[in-house]
Amino acid sequence: LENVSYAYEDGGTDVLADFSYDFTPGSCTAILGETGAGKTTLVRMILALIHPRKGRAVVYNNDGEAHELSALTRCNFVYVPQGNTLLSGTIRENLKLGRLSATDGEMHEALHKACADFVFDLPDGLGTFCSEDGGGLSEGQAQRIAIARALLREGSIMLLDEATSSLDPETEQRLLRNLLESSGKTIIFVTHRLAVVDYCDRVLKM
Ligand code: DUT
Ligand code: MG
């Protein structure tokens, strides 16, 4: 991101003002900042759901060529949004939204990485039904299934927007360690918890 600015309304105050940051390949960056600081706005800009009013937002391919962020570059990102995003259906059906062809074995692996081993202890396992917005599961359980679903997706850059806010600190740290060890992805991790910073290479305070 090079000197980007963004305001939600014409003439409104800038949420991002002349902001520059370089997320390097393979790094894990923690984004910290109080509520309303602009963390989700930054994530939306990276996903090209909103566009900078000024400045430049690009992603580089393996040949080092810059491509302006757009709907076309979005497929490189794996996004776990803030809030609950499970749909009505079984856990298996929810995970298949990440990768339609995923086998039970691949789903097990993703659930394990996402610290969601509790699924294996449910009487119906992957066939357990959850209602819209994850009903039937605790918030922290739903969050981990949403992360497992994201892990099944392709895309080299993972964006987690407070995707672990309902986990206890130990589980959150274990999950982050799993992500760092196994994925080889670039990780951008929005969090309110300072302790997570120990596991990240870089910290961006908004
Ligand atoms: N804002 C709007 N319209 C929107 C979204 C946000 O005006 O549709 C404002 C509210 C806030 C600022 O932009 O003053 C930044 O919001 P953002 O959602 O980026 O903040 P956050 O850092 O993600 O806050 P939280 O920790 O509460 O998720
Ligand atoms: Mg937010």
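Throughout, read-outs are computed from the coordinates displayed, never taken from laboratory work. On a predicted model such as this, the values are computed, not experimentally measured, just so you know. As a convention, Cβ positions derive from the backbone with ideal geometry for all residues, glycine included, and neighbour counts pool all protein chains shown.
Checked against (1) surrounded by fewer than 23 Cβ atoms within 10 Å (Cβ to Cβ); (2) within 16 Å of ligand 1 (Cβ to nearest atom); (3) over 21 Å from ILE46 (Cα atoms), ASP161 passes all but condition (3).
I'd like the full set of residues that are outside any loop (DSSP other than H, G, I, E, B) and either of a type in the set (S, T, N, Q) or free of Cβ contacts under 8 Å to residues at least 40 places away in the same chain (or both), limited to segment 77-91.
Narrowing segment 77-91 to residues outside any loop (DSSP other than H, G, I, E, B): 77-80, 89-91.
If the condition is that a residue be outside any loop (DSSP other than H, G, I, E, B) and either of a type in the set (S, T, N, Q) or free of Cβ contacts under 8 Å to residues at least 40 places away in the same chain (or both), then THR90 is the only one that fits.
Taken over segment 6-34, residues that are over 16 Å from the mean Cα position of the chain (by Cα), assigned to a strand (DSSP E or B) and within 13 Å of ligand 1 (Cβ to nearest atom) amount to 4.
Per the listing ALA37, ALA71, the residue uniquely near ligand 1 (Cβ under 10 Å from one of its atoms), assigned to a loop (DSSP other than H, G, I, E, B), among the small types (Gly, Ala, Ser) and more than 15 Å from THR186 (Cβ to Cβ) is ALA37. If only residues of segment 6-48 that are acidic (Asp, Glu) and away from ligand 2 (no atom under 16 Å from the Cβ) are counted, the one that is surrounded by the most Cβ atoms within 10 Å (Cβ to Cβ) is ASP14.
Filter segment 161-206 for residues that are of a type in the set (D, E, K, R) and part of a strand (DSSP E or B); which is nearest to ligand 2 (Cβ to nearest atom)? I'd like the intermediate steps shown before the answer.
Start the filter on segment 161-206 by keeping residues that are of a type in the set (D, E, K, R), which leaves 161-162, 168, 170, 172, 174, 177, 181, 185, 193, 198, 201-202, 205.
Within this subset, residues satisfying the condition of being part of a strand (DSSP E or B) are 161, 202, 205.
Numbers: ASP161: 6, ARG202: 19, LYS205: 15 Å.
Among residues in segment 161-206 that are of a type in the set (D, E, K, R) and part of a strand (DSSP E or B), the one nearest to ligand 2 (Cβ to nearest atom) is ASP161.
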